[in-house]
1. For segment 137-186, what Kirkwood radius comes out of the mean inverse Cα-Cα distance, in Å?
2. Report the charge-dipole magnitude of segment 2-74 in Debye, nearest 20, computed about the Cα centre from +1 at each Lys and Arg Cβ and -1 at each Asp and Glu Cβ.
3. Give the relative contact order (percent, whole number) for segment 151-192; include only Cα pairs under 8 Å separated by 6+ residues.
4. When only alpha-carbon atoms are used, what values of Rg and Dmax, in angstrom, describe the chain?
5. For the Cα atoms of the chain, what angle does the longest principal axis make with the long axis of helix 227-236, in degrees from 0 to 90, nearest 10?
6. Can you pick out the pairs among 10/35; 98/140; 4/39; 80/190 whose Cα atoms lie more than 20 Å from each other?
7. Let's see if you can work this out: charge +1 on each Lys and Arg Cβ, -1 on each Asp and Glu Cβ, no other charges. What is the dipole magnitude of the chain about its Cα centre, in debye to the nearest 20?
8. Which ³J(HN,Hα) values in Hz, rounded to whole numbers, follow from the phi angles of segment 53-66 under the Karplus curve 6.51 cos²θ - 1.76 cosθ + 1.60, where θ = phi - 60° and Gly and Pro get x?
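Taken together, the values in this text are just the output of simple stated rules run on the coordinates, not laboratory data. Values in this document were obtained by computation on a predicted structure and should not be read as measured data. Here the Cβ positions follow ideal geometry from the backbone for every residue, glycine too, while neighbour counts run over all protein chains shown.
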Amino acid sequence: MLTKAIIIKKQNTNEYDQLITCYTKELGKITAIAKSILKPGSVQAMHLDVLNLVEFDLVDGRAMPIITGAQGENFYARMKNFLPALAAGYFLAEVLDKIFFEEEKDIKLWNFAADFLNRLEAEPERATAILRSGQATLLKLLGYFPMLEKCVFCSAEMKNTDRLALSLEMGGLLCQNCFLRGFRGVFLKKEDWAALISAPFTNDGASNKGRSVLDGLFEYTFDIRFQSLDFFYQVVR
């Protein structure tokens, strides 16, 4: 079966083989084996690198499918040569690996992943903005995006956006009154609010070097500490 895939993880197995975890357009996430890829001179080795967009044939194996005839379609060289953009790409790979089950095809998720990498390749210097936008888009796609129009407790309309907090437990915003009354929430900075509404935010850049409310929302929602986010903020400081 011919399939198009984004490589998200590799693991050595046997003497010369690798297990390749990838998100495919036709099948969703799968794990397949690449035979003899670790032998010197292997033709497939350069094509099956993490965060490559590739096309290959899947043939039946005894325990799992076998990858043959891999050909790289996009190696995302600009993204990989700019460390913050590469770190943002690793976040995508970690999300695809840890959140989603195997063999659940989702063309919307495939389109999102391909578009995310294309944006990092086109504008690697905007890695932080692309990461924030991608986080918001993916939360919307999965149905976990917080309610922004009204207070999640009192249903008051959010007219003043200067003093807002986000309730991770309830999945929505807290108005100032509810926040001051003691309801638990994370106070939103201006750049956090901008990230939630996918609006541009510009200042001296210092605030973009620390974790955002979207990071917290992602990790709370899926109960995962994303190591790729730790790496991202190490390289942007």
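1. The Cα-based Kirkwood calculation yields 10.9 Å.
2. Roughly 160 debye, rounded to the nearest 20.
3. So the answer I get is 39 percent.
4. Using the Cα atoms of the chain, the pair Rg, Dmax is 20.2, 66 Å.
5. Helix 227-236 sits at roughly 70 degrees to that axis.
6. Checking Cα-Cα distances, 4/39; 80/190 exceed 20 Å.
7. 560 debye
8. Those phi angles translate into 9, 10, 10, 8, 9, 10, 10, 5, x, 5, 9, 7, x, 10 Hz.
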